[in-house]
């Protein structure tokens, strides 16, 4: 008996040891192999859900080392190759991509999850070696979400200290003084910044990779603000092509009055140099000093470059009272900065992933089809077989025929159901791409593959797409061994999925930034209630469906091959085709999305377009759009080294202008329906305008609705002769008032339709914007007013 107990105890100890050996790696070297110091964040700072840079300082006090450092992030294990000689120190920098999952991924002292794993040799077959346990820290100090972050590049940073005293949406900004050592070499590392201010700084002296990172960051939605000085184009290096103004002269003035939109006080100094030059043909002059531009803007992809024609660091500007309003005009509210997240937390990649993971398969037979097959089976097996065999007097054959028939039927059904396992691996690719005036495209997309059997799969693509695995963020967090692995080799990125189940999807999100696609050329004019002109497809791919969309209206243009041109002409109410589209236009064109897993081609198009608009694609400009859909391949990729059977759904969107008559004064009317909502006091629970619906759900408080004059009209100096405000069915306790910019007051709107005509342009229009204030005594729904404008444009 004792012998049995001893034997059982030995077995139990063995099992416990075996269990712990599975959970804990066996190290090739019990001593710490490398000394690694981690610096995370931009100057140690970041924003939740946004990308940030990481710098590793590695010291090798032993023999030469060649291997891989694997960093375990929420959705991926990132591989960092390390090749370091004995007795040397090396610095390696990379960026953590913007991941919503990082919000809940800050290990505490009670968690035992290791973030860093070091392998002597390749991570796949090398031996893990021990690391200093003190380096398991990858997290910067997080800046609160409602703070605007300004990065400053200047050889005179003290001259821009006045930015720290400005107020953005009720909060002082976080100002980070940058230099070459802090600037990341990847665009994702700059996601920490909302505005990048450059003044008296040579970008040309930066490494080319860091210049390219700034360029890519702008394309993906960043805003760069710069002052002017002699030789600015040379100072900007490879970014010089983004400048709205090429300087070739200057003029001295004693004061600047052209910024009276922001303060009636002038900017005064004994001597102010205003720089003049050649405007880029796509540039927009935002403010003038008589005939001299003061502030100019160029848009690129989702971002913009804004150029002041004077020194941003001059003391007269620092002391000016209009700084708050001026700088706030360039900033989007920080809570709305991420173009991939709406107010429900649903990112573009989340929606696209839902669709790409649906693979049409013959195995998805309808219930009615299965019932018919079962009935047919019963009819054959029972009455027909019985009658035939009875007549032949061979009923004993049923013992053979019925099993054979069942076997053949089963094989047939399995063959039909498993047909998708034959041939190349299937992949679905979906993306939304924004084109700028130079024909460069920026956007985001998702690739999903369907496994043919259990095992390991590797999706390989160009590293310029910045791929990252996409998983269900609400499911349980996978262990280190279960996470996919991201490995970058030269210009290629490989995403390794280690343990894929039979017939299972896996997804990878990707980005496009500044890629030369060509564009959809248009020459459209509005004359006598008719829009007419020519549209040419100079995009690099054929487009199956092309539309002109504006507000809630659309006009179908049709299929267009590469290089094809079409003449169009259609009647148009002049209220409809001057502004940016709302999400409702997608549902007008293609209908509402159907039940999950049952979407038609039309409903996929509806989802692509509504997702692009909802997440503020091309949010920089208030103009109509040309859109096109393509089923051609935009993203070359392989799975396990082989080409795939690829299905593509891509949306291309490009802002355009519809020209107004140049040779005559014209009377025009337009409606403004979708303003931008901001909070003075209170809280917005749901902003229906993000979805093309004219209401917000909000608490008691005060809110501002800012309406913007369409770009086509503002460029022609549209003058308002009459302004009418129509109120919707709002509850008691909600009051509205219109801002009078002349005396900085609000005038009450006390009827369902209120008209303002006396000096309406001078009183209410400021910087091409109209502002309505709404006060709510209790929480509930606030219907958004509609503004109707009557006015003229001059030659």
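The values are calculated or read from the model by the stated rules, or taken from the named source; none is laboratory data. Note that the coordinates shown come from a computational prediction; the quantities given were computed from them, not determined experimentally. FYI the Cβ positions are ideal-geometry reconstructions off the backbone, even for glycines, and counts take in every protein chain you see.
For this structure, a couple of remarks:
- Search result, residues across the range 53-92 that are closer than 16 Å to residue 131 by Cα, touching a residue at least 24 places away in the same chain (Cβ under 8 Å) and not in a strand (DSSP E or B): 61, 62
- Scan of the range 768-790 for residues that are within 14 Å of residue 755 (Cα to Cα) and not in a strand (DSSP E or B), ordered by number: 785
- Residue in the range 41-52 that is free of Cβ contacts under 8 Å to residues at least 60 places away in the same chain and either over 14 Å from residue 188 (Cβ atoms) or in contact with a helix residue (DSSP H, G or I) (Cβ under 7 Å, 6 or more places away or on another chain) (or both) present: no
- Condition broken by residue 539, with the remaining ones in (1) buried (at least 22 other Cβ atoms within 10 Å of the Cβ); (2) farther than 29 Å from residue 191 by Cβ; (3) in contact with a strand residue (DSSP E or B) (Cβ under 7 Å, 6 or more places away or on another chain) satisfied: (2)
- Scanning the range 245-265 for residues that are outside any strand (DSSP E or B) and either touching a helix residue (DSSP H, G or I) at 6+ places or on another chain (Cβ under 8 Å) or buried (at least 16 other Cβ atoms within 10 Å of the Cβ) (or both) gives 258, 259, 261, 262, 263.
- Selection from the range 760-780 of residues that are over 15 Å from residue 744 (Cβ atoms), over 29 Å from the mean Cα position of the chain (by Cα) and surrounded by fewer than 21 Cβ atoms within 10 Å (Cβ to Cβ): 761, 775, 777, 778, 779, 780
- Test for residue 623: is it modelled with pLDDT under 95, out of contact with any strand residue (DSSP E or B) (no Cβ under 9 Å at 6 or more places or on another chain), closer than 27 Å to residue 439 by Cα and assigned by TED's automatic domain parsing to the domain that holds residue 441: no
- Which numbered condition residue 730 misses (of (1) without any contact (Cβ under 8 Å) to a residue 40 or more places away in the chain; (2) part of a loop (DSSP other than H, G, I, E, B)): (1)
- The test for being within 25 Å of residue 276 (Cβ to Cβ), crowded, with 22+ Cβ neighbours inside 10 Å and within 25 Å of the chain's Cα centre (by Cα) does not hold for residue 192.
- Enumeration of residues in the range 650-682 that are more than 28 Å from residue 521 (Cα to Cα), over 22 Å from the mean Cα position of the chain (by Cα) and part of a strand (DSSP E or B): 679, 680, 681
- For the range 168-202, residues that are out of contact with any strand residue (DSSP E or B) (no Cβ under 6 Å at 6 or more places or on another chain) and closer than 13 Å to residue 50 by Cβ total 3.
- Taking the range 734-750 as the range and being within 17 Å of residue 783 (Cβ to Cβ) and surrounded by 12 or more Cβ atoms within 10 Å (Cβ to Cβ) as the test, the residues that pass are 734, 735, 736, 737, 738, 749.
- Subset of the range 683-699 [in a loop (DSSP other than H, G, I, E, B) and surrounded by 15 or more Cβ atoms within 10 Å (Cβ to Cβ)]: 692, 693, 694, 699
- Filter pass, residue 209 being at pLDDT below 90 and assigned to a helix (DSSP H, G or I): no
- The residues on offer are 147, 210, and the sole one that is surrounded by fewer than 21 Cβ atoms within 10 Å (Cβ to Cβ), within 27 Å of residue 612 (Cα to Cα) and touching a residue at least 12 places away in the same chain (Cβ under 8 Å) is 147.
- Among the residues of the range 164-182, those identified as surrounded by fewer than 19 Cβ atoms within 10 Å (Cβ to Cβ), modelled with pLDDT of 90 or more and touching a helix residue (DSSP H, G or I) at 6+ places or on another chain (Cβ under 8 Å) are 177, 180.
- Restricting the range 471-487 to residues that are within 19 Å of residue 502 (Cα to Cα) and touching a strand residue (DSSP E or B) at 6+ places or on another chain (Cβ under 6 Å), the residue that is modelled with the highest pLDDT: 484
Yes/no matrix, rows are residues, columns are (1) surrounded by fewer than 18 Cβ atoms within 10 Å (Cβ to Cβ); (2) within 26 Å of residue 659 (Cβ to Cβ):
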residue	(1), (2)
483	no, no
499	yes, no
512	no, no
520	no, yes
546	no, yes
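- Residue within the range 216-226 that is surrounded by 23 or more Cβ atoms within 10 Å (Cβ to Cβ), more than 26 Å from the chain's Cα centre (by Cα) and under 24 Å from residue 272 (Cβ atoms) present: no
- Restricting attention to the range 742-767 and to residues that are touching a helix residue (DSSP H, G or I) at 6+ places or on another chain (Cβ under 9 Å) and at pLDDT 85 or above, the residue that is farthest from residue 786 (Cα to Cα) turns out to be 747.
- Residue in the range 14-28 that is in a strand (DSSP E or B) and either modelled with pLDDT of 90 or more or outside the structural domain of residue 479 (by TED's automatic domain parsing) (or both) present: no
- Those helices (runs of 4 or more DSSP H) of the range 324-438 in which at least 3 residues are modelled with pLDDT of 75 or more, more than 51 Å from the chain's Cα centre (by Cα) and farther than 30 Å from residue 193 by Cα, considering only elements entirely within it, cover 385-392, 398-417.
- Residue match in the range 105-113 (condition: more than 30 Å from the chain's Cα centre (by Cα) and either buried (at least 17 other Cβ atoms within 10 Å of the Cβ) or at pLDDT 90 or above (or both)): no
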